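Everything on this sheet refers to the single structure shown next.
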Amino acid sequence: MGKLERSWRLVRASWSILRLDPKLMLIPVLSTLCIVGAVGAIYVFGLRDVLPDGDEVIELTPGMLAALFFALWTFVLAATFFGLFFNCALVACALIRLEGGQPTLLAGLRIAAARSGTIFGYAILATTVGLVLRLIEERLSIFGKIGMVLIGSAWALATFLVVPVLVVENVGPIQALRNSAGLLRRTWGENAVGQGGLNLFTGIVFVCVASGGCLAFSVAISAGLTAVALAALVATVVVAALLLTVSAALSGIYIAALYRYAKGDGIPAPFDDGALQASFRSR
């Protein structure tokens, strides 16, 4: 409970930063648009004629399996790259604010663009590792699957601070992974607790919004109020999208603060010194 309480204090501090720079919420929106656009373009102009139709029954040859794996890898790589790119821009803006500066979207995007080669290299690494782990997991027994889940969790923890490492340290993909894992050893997983607290809070609010929207929609439909039902549906979708956007922005600010403190750069205002000090207690 103490860890979760400290994590909640960190989330509140992240919110205070976001209130100063609400424009940071535009970055997750740009990320989503670029991911959808890139994946759609890859499908329409490169892969639509390669993939089988939904009702088509064919015997897959090794060559076709390889082509399908490459298609899946390409989709995931595109999504991973744009997700990382805009996360780097978000974290860059958060770091500027935490250091007392006045961040702009253009400044964050310029920093991410300057690291685009390294970001792409790390996206290749992350995509390949993720798909390989998934393929191995599909071939294992239940106990093997449990082991792979543990390996996947360890990978997620080791890469938790990769984004600020890519932004600040200007190192290659492999070194970025090593540096992130090194910071994890110093923090001993407290960052994951904080992220879990943020995700739990977001999940609770999301469920409440979705439940309220579904209830309003059902009541309106039962009463024959079609216009009201559509308005409730649209409002629910908009609020849910806004909630996810805010959650993504808070996560970027939170990770930036954890990284800055882990590197020994002091306690960034308005974060609580007790919570951050406890978060980075040595093992």
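The values are calculated or read from the model by the stated rules, or taken from the named source; none is laboratory data. Note that this is a predicted model, so its numbers are computed, not measured. Note that each Cβ is placed from the backbone with ideal geometry, even for glycine, and that neighbours are counted across all protein chains shown.
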Pairs under 7 Å by beta carbon, first residue touching a residue at least 60 places away in the same chain (Cβ under 8 Å) in the range 78-103, partner in a helix (DSSP H, G or I) and among the basic types (Lys, Arg), six or more apart or different chains? Leu95/Arg260; Leu98/Arg260; Pro103/Arg97
With the structure loaded, tell me whether Leu157 is of a type outside the set (Phe, Trp, Tyr), in contact (Cβ under 8 Å) with a residue 12 or more places away in the chain and in contact with a Leu (Cβ under 7 Å, 6 or more places away or on another chain) or whether it fails that test. yes
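Among the residues of the range 100-147, write down those that are among the charged types (D, E, K, R) and at pLDDT below 85. Lay out the reasoning, then the answer.
Narrowing the range 100-147 to residues among the charged types (D, E, K, R): 110, 115, 134, 137-139, 145.
Result: Arg134, Glu137, Glu138, Arg139, Lys145.
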Subset of the range 153-171 (residues that are under 17 Å from the mean Cα position of the chain (by Cα), surrounded by 15 or more Cβ atoms within 10 Å (Cβ to Cβ) and either assigned to a helix (DSSP H, G or I) or at pLDDT below 80 (or both)): Trp155, Leu157, Ala158, Val162, Val163, Pro164, Val165, Leu166, Val167
Only residues that are buried (at least 23 other Cβ atoms within 10 Å of the Cβ) and within 14 Å of the chain's Cα centre (by Cα): list them for the range 86-128, please. Phe86, Asn87, Cys88, Ala89, Leu90, Val91
Which of (1) at pLDDT 75 or above; (2) not in a helix (DSSP H, G or I) does Leu72 not meet, given it meets every other one? (2)
